[in-house]
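A.B. asks: Okay, here's the structure, questions in a sec.
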């Protein structure tokens, strides 16, 4: 089944508000097995809404619309959809009750004319109760196609998707949905992974496909089955895992490098610390983003200035002057300093040129030294990433966790 998402709102097109609805809706539809083929962001204009809805229902089986359901005059989606589907707005007694109950929870709010207008809804639609706001959702059907209109407020749209839309779609489309499975591979370049899986991909029958979804520190693989191929999805899912034998991967689509890191540290019962310069605390953020990280993460130092490297972490001033902050000697001493200051079993450090400025011929933007210190000693390794600041920070942070984990894994499990 195919879906189109339409986001209505001049504020989106003006760049005043970030559109998070389309990403959320697409993700939830994918989880159900519905393929999103197109997304539209359009203005609050009746002609634009009708034209886009018409196009969406021609190319898709399901159309999800958000925005324009508020109680003010500039919210025209409800009226426009009623016109498009050839129906009229009628007073909905139950919706009026819902709005009244919602308004009653707010002492400063009153059931005024604007709030009352939320009870006027298209006659020929299924009204979806919104417990998070006053704008009800609307479910239309035409020519075997489905259109669902949701509020533009993200938490209201998300509530209605979970409580009303997804259960109805799953029931309505049972047996007609595509199926897919996802896993996450760590520390393998996309091109190398593609070569490793070349023979596997050549065995896939019609209706099965493998997609690569890369991020700076991982690649998610999606195995999708359509039609009759859904019957053999499990077999090829098992074959895919066998083809990845020897690689670091997780069968969780949501797994991240820090999750693997956390699992290993819990097993080994060791503690870690961080000393960061170019990553600005991002390594610490990744570690502490995992619930329960206080069991193994003791703390860190963001030492942007050389004075902090020297006075807090104990980096030798002569080494800073001789080799510069972006150097093997400094990276090693930063890691050792973090370990000493916090009392952690292991520590990792990052020092480099994130960019976009600051690079030299000898140390161009993207040059990063990562240091690791543990009971067996300390070392540092040099990397050259990219010319993009955000990508350098992400890659350096991921690589820091990788090197720290490898050092920890050298110790045998108790």
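A.B. asks: Name the residues in the stretch 33-57 that are assigned to a helix (DSSP H, G or I) and either closer than 17 Å to residue 158 by Cβ or out of contact with any strand residue (DSSP E or B) (no Cβ under 9 Å at 6 or more places or on another chain) (or both), would you?
C.D. replies: Answer for the stretch 33-57, where residues must be assigned to a helix (DSSP H, G or I) and either closer than 17 Å to residue 158 by Cβ or out of contact with any strand residue (DSSP E or B) (no Cβ under 9 Å at 6 or more places or on another chain) (or both): 46, 47, 50, 54.
A.B. asks: Same structure, new question: Might you let me know whether the stretch 62-78 holds any residue that is without any contact (Cβ under 8 Å) to a residue 24 or more places away in the chain, assigned by TED's automatic domain parsing to the domain that holds residue 8 and either within 24 Å of residue 158 (Cβ to Cβ) or not in a loop (DSSP other than H, G, I, E, B) (or both)? Before you say what the answer is, go through the steps one by one.
C.D. replies: Just the residues of the stretch 62-78 that are without any contact (Cβ under 8 Å) to a residue 24 or more places away in the chain, to begin with: 73.
In the following step, the residues that additionally are assigned by TED's automatic domain parsing to the domain that holds residue 8 were identified as 73.
Then keep just the ones that are either within 24 Å of residue 158 (Cβ to Cβ) or not in a loop (DSSP other than H, G, I, E, B) (or both); that gives none.
Checking the stretch 62-78: not a single residue is without any contact (Cβ under 8 Å) to a residue 24 or more places away in the chain, assigned by TED's automatic domain parsing to the domain that holds residue 8 and either within 24 Å of residue 158 (Cβ to Cβ) or not in a loop (DSSP other than H, G, I, E, B) (or both).
A.B. asks: Residues to consider are 348, 326; find the one that is assigned to a loop (DSSP other than H, G, I, E, B), closer than 15 Å to residue 383 by Cβ and assigned by TED's automatic domain parsing to the domain that holds residue 276.
C.D. replies: It is 326.
A.B. asks: What's the number of the only condition in (1) in contact (Cβ under 8 Å) with a residue 40 or more places away in the chain; (2) under 19 Å from residue 8 (Cβ atoms); (3) in a strand (DSSP E or B) that residue 118 fails to meet?
C.D. replies: Every condition holds for residue 118 apart from (3).
A.B. asks: Can you confirm whether residue 315 is in the same structural domain as residue 277 (by TED's automatic domain parsing) and either in a strand (DSSP E or B) or out of contact with any helix residue (DSSP H, G or I) (no Cβ under 9 Å at 6 or more places or on another chain) (or both)? Walk me through it before giving the result.
C.D. replies: Values: in the same structural domain as residue 277 (by TED's automatic domain parsing): yes; either in a strand (DSSP E or B) or out of contact with any helix residue (DSSP H, G or I) (no Cβ under 9 Å at 6 or more places or on another chain) (or both): no.
When the stated conditions are applied, residue 315 does not pass them.
A.B. asks: Within the stretch 19-32, does at least one residue satisfy the condition of being in a strand (DSSP E or B), buried (at least 18 other Cβ atoms within 10 Å of the Cβ), in the same structural domain as residue 150 (by TED's automatic domain parsing) and touching a residue at least 60 places away in the same chain (Cβ under 8 Å)?
C.D. replies: Within the stretch 19-32, none of the residues are in a strand (DSSP E or B), buried (at least 18 other Cβ atoms within 10 Å of the Cβ), in the same structural domain as residue 150 (by TED's automatic domain parsing) and touching a residue at least 60 places away in the same chain (Cβ under 8 Å).
A.B. asks: Which of (1) surrounded by 15 or more Cβ atoms within 10 Å (Cβ to Cβ); (2) under 20 Å from residue 25 (Cβ atoms); (3) modelled with pLDDT under 90; (4) out of contact with any strand residue (DSSP E or B) (no Cβ under 7 Å at 6 or more places or on another chain) is the odd one out, the single condition residue 171 does not satisfy?
C.D. replies: If we test residue 171 against (1) surrounded by 15 or more Cβ atoms within 10 Å (Cβ to Cβ); (2) under 20 Å from residue 25 (Cβ atoms); (3) modelled with pLDDT under 90; (4) out of contact with any strand residue (DSSP E or B) (no Cβ under 7 Å at 6 or more places or on another chain), just (1) comes out false.
A.B. asks: If you scan the stretch 273-328, which residues turn out to be free of Cβ contacts under 8 Å to residues at least 24 places away in the same chain, within 26 Å of the chain's Cα centre (by Cα) and either more than 19 Å from residue 395 (Cα to Cα) or loosely packed, with under 14 Cβ neighbours inside 10 Å (or both)?
C.D. replies: 291, 294
A.B. asks: For the stretch 329-374, name all the residues that are over 17 Å from residue 405 (Cα atoms) and within 28 Å of the chain's Cα centre (by Cα).
C.D. replies: 351, 352, 353, 354, 355, 356, 365, 366, 367, 368
A.B. asks: Another question about this same structure. Is it true that some residue in the stretch 177-197 is on the phi < 0 side of the Ramachandran plot, assigned to a helix (DSSP H, G or I), crowded, with 20+ Cβ neighbours inside 10 Å and modelled with pLDDT of 95 or more?
C.D. replies: No, the stretch 177-197 contains no residue that is on the phi < 0 side of the Ramachandran plot, assigned to a helix (DSSP H, G or I), crowded, with 20+ Cβ neighbours inside 10 Å and modelled with pLDDT of 95 or more.
A.B. asks: Here's something else I'd like to know. Answer yes or no as to whether residue 163 is within 23 Å of the chain's Cα centre (by Cα), touching a residue at least 12 places away in the same chain (Cβ under 8 Å) and assigned by TED's automatic domain parsing to the domain that holds residue 81. Step through it out loud before you land on a result.
C.D. replies: On the way: within 23 Å of the chain's Cα centre (by Cα): yes; touching a residue at least 12 places away in the same chain (Cβ under 8 Å): yes; assigned by TED's automatic domain parsing to the domain that holds residue 81: yes.
So residue 163 passes the test.
A.B. asks: Right, next: Within the stretch 135-148, count every residue that is closer than 14 Å to residue 3 by Cβ and surrounded by 23 or more Cβ atoms within 10 Å (Cβ to Cβ).
C.D. replies: Count: 2.
A.B. asks: Kindly indicate the residue of the stretch 230-263 that is at pLDDT 90 or above and in contact with a strand residue (DSSP E or B) (Cβ under 8 Å, 6 or more places away or on another chain) and also farthest from residue 195 (Cα to Cα) among those meeting that condition.
C.D. replies: The extreme case among them is 232.
A.B. asks: Okay, next question. Looking at the stretch 88-115 only, could you name the residues that are touching a helix residue (DSSP H, G or I) at 6+ places or on another chain (Cβ under 9 Å) and in contact (Cβ under 8 Å) with a residue 24 or more places away in the chain?
C.D. replies: 88, 89, 91, 92, 93, 94, 95, 98, 99, 102, 103, 115
A.B. asks: With respect to the numbered conditions (1) buried (at least 16 other Cβ atoms within 10 Å of the Cβ); (2) within 23 Å of residue 1 (Cβ to Cβ); (3) over 28 Å from the mean Cα position of the chain (by Cα), which one is the sole condition not fulfilled by residue 128?
C.D. replies: Here residue 128 meets the rest and fails (3).
The values are calculated or read from the model by the stated rules, or taken from the named source; none is laboratory data. The model shown is predicted, which means the values in this text are computed figures rather than measured ones. In this analysis, Cβ positions are derived from the backbone assuming ideal geometry, glycine residues included, and neighbour counts consider all displayed protein chains.
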